[in-house]
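Reviewing the structure listed below.
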Amino acid sequence: GAVVSQHPSRVICKSGTSVKIECRSLDFQATTMFWYRQFPKQSLMLMATSNEGSKATYEQGVEKDKFLINHASLTLSTLTVTSAHPEDSSFYICSARPGLRDDNEQFFGPGTRLTVL
Amino acid sequence: SQQGEEDPQALSIQEGENATMNCSYKTSINNLQWYRQNSGRGLVHLILIRSNEREKHSGRLRVTLDTSKKSSSLLITASRAADTASYFCATDAGDYKLSFGAGTTVTVRA
């Protein structure tokens with residue numbers, strides 16, 4: 001159990017276009033999902049916390065108008081990179097926290113590699 | 001923000017040997033977690049240790065936590081080629097947000 005999927009796994013787009021990445025918890029309900037970004041050979045940086053039915057909370061330095069997050073249901077959160085530029089090329093990973101559990105185990109998706117040309 | 005520092009940055013060992021990596025952090029934590037990441041893939045949760053615990057075991061993994069020194073270690077015993085991966089510690093201050101360390105890249109030679 002506790003599987004998180006991401007779609008697409010890889011996307012290449014032209015500069016200026018918008019890209020939507022989906023994160024789904026397949027066998028549990030996730031009241032909270034998190035979005036991370038990872039540059040090559042670096043660690044994961046938390047971008048934002050997504051709570052079902054409310055606005056996302058963004059970390060300092062992350063532009064909320066550029067990285068739009070929607071958590072429309074207990075099993076789906078989406079990250080839209082608007083007007084993408086080459087510097088947005090990165091590995092985007094989501095995680096989901098089961099709502100009924102008291103501990104903080106999070107389950108991570110397989111990641112989405114975004115390349116902006 | 002990233003608060004964990006890990007060392008070493010890279011580790012190369014022979015199959016069967018033990019691998020030890022360390023993580024230090026700056027602020028108070030509720031728990032500390034270790035994750036594994038194979039190249040270009042998502043993260044796999046390995047073990048969670050709470051701030052009131054000092055040591056935890058899971059299979060070939062042993063994690064220690066010293067809150068007075070704000071440090072943790074991960075020991076992988078009897079390493080296998082399949083253990084080749086990057087290992088990250090992540091701290092949770094109690095708000096469920098994870099702050100990741102820089103990671104240790106482990107290569108296990110056959």
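The values are calculated or read from the model by the stated rules, or taken from the named source; none is laboratory data. Computed from a predicted structure; not experimentally measured. Backbone-built Cβ (ideal geometry, glycine too); neighbour counts: all protein chains shown. Remember, those area values only see protein heavy atoms, side chains included, never the ligands or the DNA or RNA. Shrake-Rupley method; radii C 1.70, N 1.55, O 1.52, S 1.80 Å.
Details
- Mean separation of Cα contacts under 8 Å, 6 or more apart, over the residue count of chain A: relative contact order %: 36 percent
- Whole-percent carbon and sulfur share, accessible surface of chain A, 1.4 Å: 51 percent
- For region A:55-117, averaging the sequence separation of C-alpha pairs within contact (under 8 Å, six or more residues apart) and dividing by the residue count gives a relative contact order of 27 percent.
- Max mean-square fluctuation residue, GNM over chain A, Cα-Cα springs under 10 Å, options A:Ser89, A:Ser25, A:Ser77: A:Ser89
- Kirkwood-based shape ratio for region A:9-117, expressed as Rg/Rh from alpha carbons: 0.96
- Cysteines without a disulfide-compatible neighbour (Cβ-Cβ under 4.7 Å), chain A: A:Cys13
- Convex hull per residue volume in Å³, alpha carbons only, for the protein assembly as shown: 119 Å³
- Per residue, region A:27-101 exposes 47 Å² of solvent-accessible protein surface, assessed with a 1.4 angstrom probe and all protein chains in place.
- Fraction of accessible area attributable to carbon and sulfur, region B:66-109 (%, probe 1.4 Å): 52 percent
- Computed 3J(HN,Hα) for region A:52-68, one whole-Hz value per residue from the Karplus formula 6.51 cos²θ - 1.76 cosθ + 1.60 where θ = phi - 60°, is 4, x, 9, 6, 6, 9, 9, 6, 4, x, 9, 7, 5, 7, 8, 10, 8, glycine and proline marked x.
- In the distance distribution for region B:1-72, Cα-Cα pairs more than 20 Å apart total 34 percent.
- The base-10 log of I(q)/I(0) for region B:49-110, evaluated at q = 0.13, 0.20, 0.26 Å⁻¹, reads -0.41, -0.90, -1.23 [Debye formula, identical scatterers on Cα atoms, solvent excluded].
- Residues of region B:65-110 whose accessible area (probe 1.4 Å, heavy atoms of protein chains only) drops by at least 40 Å² once all protein chains are present, relative to their chain alone: B:Tyr96, B:Lys97, B:Leu98, B:Phe100.
- Charges were assigned to the Cβ only: +1 to each Lys and Arg, -1 to each Asp and Glu. The resulting dipole of the protein assembly as shown about its Cα centre is roughly 300 debye.
- Student exercise, chain B dipole from Lys, Arg, Asp, Glu Cβ charges, in Debye to nearest 20: 160 debye
- In this structure, the pairs whose alpha-carbon distance is over 29 Å, taken from A:Lys20/A:Lys41; A:Lys64/B:Lys69; A:Lys14/A:Lys64; A:Lys41/B:Lys97; A:Lys66/B:Lys69; A:Lys14/B:Lys97, are A:Lys64/B:Lys69; A:Lys66/B:Lys69; A:Lys14/B:Lys97.
- Between chain B and chain A, the total buried accessible area stands at approximately 1600 Å², from heavy atoms with a 1.4 Å probe.
- Average accessible area per residue (Å²) across chain B - probe 1.4 Å, nucleic acids and ligands excluded: 47 Å²
- Filtered GluC sites (Glu not before Pro), region A:36-89: DSSP coil and at most 11 other beta carbons within 10 Å: A:Glu63
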